[in-house]
Amino acid sequence: METKWFTPNKEISKMIYTSAGFVTFIVVLGIWSLLSYGGFVNPLFLPTPTAVLAAAIELFKSGEILSDIGISFSRVLTGFLVAAFIGIPLGILMGSLRIMEGAFEPLIGFIRYMPASAFIPLLILWIGLGETEKMAVIFLGTFFQLTLMVMDVTKNVQNDLIDVSYTLGAKNFQVFTKVILPASLPGIVDTLRITFGWAWTYLVVAEIVGASSGLGYMIMQASRFLQPEKIIVGILIIGLLGLITDILFKSIYRASFSWMRKDGY
Amino acid sequence: MVAPKMEVHALDSQEKIVPKIIRPKLEIKDVGKIFKTKSGETTALEKTSFTVEDGEFVTILGPSGCGKSTILRIVAGLEESNSGQVLLDGQEINGPGPDRGMVFQSYTLYPWLTVKENITFGLKLKGVSQKERDDLARHYLQLIGLEGFEKHYPIQLSGGMKQRVAIARALANDPKILLMDEPFGALDAQTRTIMQEVLLKAWEESKKTILFITHDVDESIFLADSVYVMTARPGRLKKKIPITLDRPREFSMKSSVEFGNYKEELLSLIREESLKSIK
Ligand SMILES: Nc1ncnc2c1ncn2[C@@H]1O[C@H](COP(=O)(O)OP(=O)(O)OP(=O)(O)O)[C@@H](O)[C@H]1O
Ligand SMILES: [Mg+2]
């Protein structure tokens, strides 16, 4: 044991860092194995890792899960893209123009506390059970948070940075496009990464009610037919997809904002 | 009938002389500022008047909170005054503009732009051609002693380097006056003295008018043609002290008797005000 592992904020080697994450995974897997193989819990509640693995192989072999993944992914993506498309410009305006903040912050701040899932019955009444309704749930689940987070990011742009731009001859519009936007871009990409993660969590909610396809639907069906291993496969896949998109956003961030790092890489 | 005619004639001849009289670069006339806050009104600046000549290096020295930044921000057009007016080349200023460059105490380089792109930011806004921008960037990089750093990003620079780039960026824009609000305030003592020499070199080369705020007495003397001392809050001009040390200034002058005399005078003026502000 090295003492520096337990010194606050102290850097440790990359190897130790990665190993620590690995150990946590092994421990969780170990507890799961112990409980299931050891017969401590009913396999109807917690199937063994091998049963889950077998179910996964089966689902991928038959190919049905692939179409579920595709459908779910497109729902998440469209709902999220629409939210980002409106939320980013609105958030930037709210963060930099007091009048826009005054106009929208109270309303959005209020709606964001209304659970998106509670809107589902209303959405079904309004737009039926089709794809639009699923995307609308994702949209409602992410749009308001995303907009407020972008607003905060924009507000945090250093005031002197804006002031100095005026003394360099920038006009209002140029301050938006050449200063506020590039200054808040890293924060915006990070906001997208975080809210995209939430979009996945709203997916299941959207697909549990009135869906006939998708990962959430598959999970519901498996529950109905008492197939816990299928449920776990579904959950793991959603988790993996979320993780992959998270890594994707992180690499976009790394590639786009090398100016934030001293070594420039 | 004869007398009035003579008067007209006299006025005429005077008018011909007027263009030859150098009028002050910057005229601050009865400028005052009151901030309204939750806890009431703060008079940041009492009605203050002063002038800065063309090509003059003026430093403003005053205790903390006496309204130095406020004055500079009003001249820059970033803050509106409650009274009076500011004239630059005889024209009343109205909002911020590229004719008044500014350097802040905080680091204000655009972190996503390289050193060169930072220096040419204002030029690009003005629509200056790529070639001219390149030439100007090269010139100012050399002036501040940062050749070879044009492709660096601000995060890769030390505090002193960042401020040098900020000065170059303001100068490259060719403003009529350069406003500097404690630009070296966050730097260590050694870097500070080097920065003072870099700035003087840039000033001598560019012949700019500079209005420079500091609360470092040595700095105010070393740089200035005139030091303006301000009173404690609510601030107003207390005294103007012309500095007649030779130009170009040398580091060794800081230990001269003359410098010492200025320092003594300024320190006692400032001490008086600082004591008042504590009470
Ligand atoms: N935006 C503002 N709102 C309210 N009060 C303000 C504002 N800006 C400045 N003040 C007040 O006005 C007074 C003068 O402020 P100013 O920043 O001009 O002082 P300063 O001389 O630059 O001080 P320092 O040496 O600390 O930089 C202070 O009392 C300050 O609290
Ligand atoms: Mg100040």
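The values are calculated or read from the model by the stated rules, or taken from the named source; none is laboratory data. The model shown is predicted, which means the values in this text are computed figures rather than measured ones. Methodologically, a virtual Cβ is constructed for each residue, glycine included, from the backbone with ideal geometry; neighbour enumeration extends over all protein chains shown.
Some points to look at:
- Candidates B:Thr48, B:Thr108, B:Thr42, filtered to the one that is within 16 Å of ligand 2 (Cβ to nearest atom), of a type in the set (Ser, Thr, Tyr), at pLDDT below 95 and surrounded by 20 or more Cβ atoms within 10 Å (Cβ to Cβ): B:Thr48
- Residue within segment B:171-184 that is of a type in the set (S, T, N, Q) and touching a residue at least 24 places away in the same chain (Cβ under 8 Å) present: yes
- Residue match in segment B:58-65 (condition: more than 16 Å from the chain's Cα centre (by Cα), surrounded by 22 or more Cβ atoms within 10 Å (Cβ to Cβ) and within 16 Å of ligand 2 (Cβ to nearest atom)): yes
- A:Glu11 vs. criteria outside any loop (DSSP other than H, G, I, E, B) and of a type in the set (Asp, Glu): no
- Qualifying positions in segment B:140-158 - more than 12 Å from chain A (Cβ to nearest Cβ) and either within 16 Å of ligand 1 (Cβ to nearest atom) or free of Cβ contacts under 8 Å to residues at least 24 places away in the same chain (or both): B:Gln142, B:Glu147, B:Gly148
- Lone qualifier among B:Ile270, B:Ile213 - being under 30 Å from B:Asp30 (Cβ atoms), within 16 Å of ligand 2 (Cβ to nearest atom), in a helix (DSSP H, G or I) and of a type in the set (Val, Ile, Thr): B:Ile270
- Selection of strands (runs of 3 or more DSSP E) fully inside segment B:12-111 by the criterion of at least 1 residues being touching a residue at least 24 places away in the same chain (Cβ under 8 Å), more than 16 Å from ligand 1 (Cβ to nearest atom) and basic (Lys, Arg) returns B:26-37, B:100-103.
- Of everything in segment A:222-265 that is of a type in the set (D, E, K, R) and within 14 Å of chain B (Cβ to nearest Cβ), the residue that is farthest from A:Leu185 (Cα to Cα) is A:Asp263.
- Qualifying residue in segment A:75-90 (condition: under 19 Å from A:Thr177 (Cβ atoms) and among the small types (Gly, Ala, Ser)): yes
- Pick from segment A:172-220, criterion of a type outside the set (Val, Ile, Thr) and out of contact with any helix residue (DSSP H, G or I) (no Cβ under 8 Å at 6 or more places or on another chain), ranking: nearest to A:Gly130 (Cα to Cα): A:Ser212
- Output for segment B:159-200, where each listed residue is away from chain A (no Cβ under 14 Å), touching a Pro at 6+ places or on another chain (Cβ under 9 Å) and buried (at least 22 other Cβ atoms within 10 Å of the Cβ): B:Leu199
- Checked against the criteria, A:Leu81 counts as free of Cβ contacts under 8 Å to residues at least 12 places away in the same chain and closer than 30 Å to A:Ala116 by Cβ.
- Qualifying positions in segment A:168-190 - farther than 16 Å from B:Trp112 by Cα, at the interface with chain B (Cβ under 7 Å from one of its Cβ atoms) and out of contact with any Gly (no Cβ under 6 Å at 6 or more places or on another chain): A:Ala170
- For segment A:138-186, taking the residues that are among the small types (Gly, Ala, Ser) and farther than 27 Å from A:Ile120 by Cβ, the one that is surrounded by the most Cβ atoms within 10 Å (Cβ to Cβ) is identified as A:Ser184.
- For segment B:176-210, the tally of residues that are part of a strand (DSSP E or B), out of contact with any helix residue (DSSP H, G or I) (no Cβ under 6 Å at 6 or more places or on another chain) and within 16 Å of ligand 1 (Cβ to nearest atom) stands at 1.
- Exclusive hit being surrounded by fewer than 23 Cβ atoms within 10 Å (Cβ to Cβ), within 16 Å of ligand 1 (Cβ to nearest atom) and either among the aliphatic types (A, V, I, L, M) or more than 14 Å from chain A (Cβ to nearest Cβ) (or both), set B:Thr244, B:Thr231, B:Thr214: B:Thr231
- Test result for B:Asp89, within 18 Å of B:Lys208 (Cβ to Cβ), more than 16 Å from ligand 2 (Cβ to nearest atom), modelled with pLDDT of 90 or more and away from every other protein chain (no Cβ under 14 Å): yes
- Scanning segment B:255-274 for residues that are away from ligand 1 (no atom under 16 Å from the Cβ) and either touching a residue at least 40 places away in the same chain (Cβ under 8 Å) or buried (at least 17 other Cβ atoms within 10 Å of the Cβ) (or both) yields B:Phe259, B:Tyr262, B:Lys263, B:Leu267.
- Any hit, segment A:85-98, residues being in a helix (DSSP H, G or I) and over 19 Å from A:Thr191 (Cα atoms): yes
- Each residue in segment A:149-161 was checked for being of a type outside the set (D, E, K, R) and in contact with a helix residue (DSSP H, G or I) (Cβ under 6 Å, 6 or more places away or on another chain), and 6 of them qualify.
- Subset of segment A:26-63 [touching a residue at least 40 places away in the same chain (Cβ under 8 Å) and among the aromatic types (Phe, Trp, Tyr)]: A:Phe45
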